[in-house]
1. Which of (1) closer than 24 Å to residue 38 by Cα; (2) surrounded by 17 or more Cβ atoms within 10 Å (Cβ to Cβ) does residue 124 not meet, given it meets every other one?
2. Given (1) more than 23 Å from residue 132 (Cα to Cα); (2) touching a strand residue (DSSP E or B) at 6+ places or on another chain (Cβ under 7 Å); (3) at pLDDT 95 or above, where does residue 8 come up short, assuming only one miss?
3. What number goes with the only condition from (1) over 19 Å from the mean Cα position of the chain (by Cα); (2) surrounded by fewer than 20 Cβ atoms within 10 Å (Cβ to Cβ) that residue 247 does not pass?
4. Anything in the stretch 19-35 that is surrounded by fewer than 19 Cβ atoms within 10 Å (Cβ to Cβ) and either over 21 Å from residue 291 (Cα atoms) or touching a helix residue (DSSP H, G or I) at 6+ places or on another chain (Cβ under 8 Å) (or both)? List them, or say none.
5. If a residue has to be farther than 26 Å from residue 52 by Cα and surrounded by 17 or more Cβ atoms within 10 Å (Cβ to Cβ) to count, how many in the stretch 271-292 make the cut?
6. Which of (1) crowded, with 18+ Cβ neighbours inside 10 Å; (2) without any contact (Cβ under 8 Å) to a residue 60 or more places away in the chain is the odd one out, the single condition residue 257 does not satisfy?
7. Kindly indicate the residue of the stretch 1-13 that is touching a residue at least 24 places away in the same chain (Cβ under 8 Å) and assigned to a loop (DSSP other than H, G, I, E, B) and also farthest from residue 285 (Cα to Cα) among those meeting that condition.
8. Among the residues that make up the stretch 48-64, is at least one of them under 15 Å from residue 98 (Cβ atoms) and either touching a helix residue (DSSP H, G or I) at 6+ places or on another chain (Cβ under 9 Å) or buried (at least 20 other Cβ atoms within 10 Å of the Cβ) (or both)?
């Protein structure tokens, strides 16, 4: 089992390079963070999965600038996005940004993609919120064309461009893995799993127990077979808050027995990576050395 760490990355305290070096030194396989390019002041429904909009959403730095900063001071640590709101970025721009980061890091990028959940964001950016999934799917197709073709062009409902030179190409071939993020245990994942089997390289759900993951992944394995794809080649990651693994002691006391048992259950279900948040899901606390040390001790890294 691979273990990643995720959280809000503050650009000042203690700083992105320091956090990245610490994560690598502690033995984490990957460092993950997400984005909101902006947050509307007026949001009609600022609650997701029962959690009110965290204050830190209003202060997120640019996702790819901070990951590039982290990549420049590390050599083994992988970098995941949980998530990049792909519908809010033009594929011509996003393809170059991600490919550049992948080249800088020598293939250490995992592109986690989501649809976005704040309706007012879509309105401000000028696309219909009820078409966000279709727009995201089309952007994924455009990204693949831009990364794998010498003179790519694209014609779709939301994206159109003539043959272009789009370089650099990613370090990883054919491109960095594109994994689709989704909600928690109460989410109906049937349509998400069908999307993954058709067009993605993996899945990044949130806070699902081992037995449910086993059932969901059995369905995904079947869907991959129906689409002529190998389930075993997918990147199956899962985001969990540390209390779900029994890691709650702020002093860093080891909880490795419970965490090891649960990690084994998830591995048996088909999960290859646990991406752990060192607090509850509603926190606005920035990732820091103490929380990462607590988590590393609890996971016995």
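The values are calculated or read from the model by the stated rules, or taken from the named source; none is laboratory data. Small disclaimer: the values here were computed from a predicted structure and weren't measured. Backbone-built Cβ (ideal geometry, glycine too); neighbour counts: all protein chains shown.
1. Single failed check for residue 124: (2).
2. (3)
3. Residue 247 satisfies every listed condition except (2).
4. Matches in the stretch 19-35: 26, 27.
5. Qualifying residue count for the region: 2.
6. With (1) crowded, with 18+ Cβ neighbours inside 10 Å; (2) without any contact (Cβ under 8 Å) to a residue 60 or more places away in the chain applied to residue 257, the lone miss is (1).
7. That would be 1.
8. Yes; the residues of the stretch 48-64 include at least one that is under 15 Å from residue 98 (Cβ atoms) and either touching a helix residue (DSSP H, G or I) at 6+ places or on another chain (Cβ under 9 Å) or buried (at least 20 other Cβ atoms within 10 Å of the Cβ) (or both).
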